Amino acid sequence: MATASKRAALIHNVGQQLGRELGARSILFHQAMADLAGVTVTDMKCMDYIDRGGDITAGDLARITGLTTGAITAAIDRLEKAGYARRERSEEDRRKVYIRLQKSSSKMAGFFPIYEKLGRAADELAEKFSTRELEVIQKYMIGCTEVMRTMTEHVTGINKK
């Protein structure tokens, strides 16, 4: 059984030290990918949300990211100009415009292998854990994501004042 001091040290290490390092490494990786793609980090994260979002509109992106509709419009314009995305009218409701990635573009082909390699490495790491351990890791990561979402909304609120 873990002592109280060991538990406190683990909480500090996992909750702060390792979390900070993972956050820093994630930011540095995404900056390197954005540099490779020739766009901003914000544009890259918008591409990620477009990729995961299915039928996603500019308004959806603004809500998900917390960015203004003007900032999202500018990001989509940059992604279109760079050849990574396109606007596509909905067949069901011509008033809606979806944002689609140009997945078959030669530019996209340049960095998809890097994301595939990252995905394989993450899967290989996850294979080292039992189902129960993965459930705990999943619960922790969901909680961390919610903490970051809440803190982002908090900071966004401060910026709007």
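None of the figures in this text is laboratory data; all of them are computed from the coordinates on show. Since the model is a prediction, treat every value here as computed from it, not as a measurement. When we count neighbours, we look across all protein chains shown, and the Cβ atoms used for this are built from the backbone with ideal geometry, even at glycine.
Averaging the Cα positions of each part gives two centres, and for the range 68-105 and the range 113-128 these lie 29 Å apart. Annotation: amide H of residue 98 within the under-5 Å range of 88, 89, 90, sequence separation 5 or more or interchain, hydrogens built in the peptide plane. Only one of the values [x] 11, 41, 34, 13, 1; [y] 9, 25, 35, 26, 5, 0; [z] 9, 28, 33, 21, 7, 2, 0 was calculated from this structure for P(r) over Cα pairs in 10 Å bins from 0, in percent; name its label. The calculated read-out lines up with [z].
Rounded to 0.05, the FRET efficiency of the residue 154 and residue 24 pair, given R0 = 22 Å and the Cβ-Cβ distance, is 0.60. Binning the alpha carbon pair distances of the range 19-103 at 5 angstrom intervals from zero yields the distribution 3, 15, 24, 24, 18, 9, 5, 2, 1, 0, expressed in whole percent. Between the helical axis of 41-53 and the longest alpha-carbon principal axis of the chain there is an angle of about 90 degrees.
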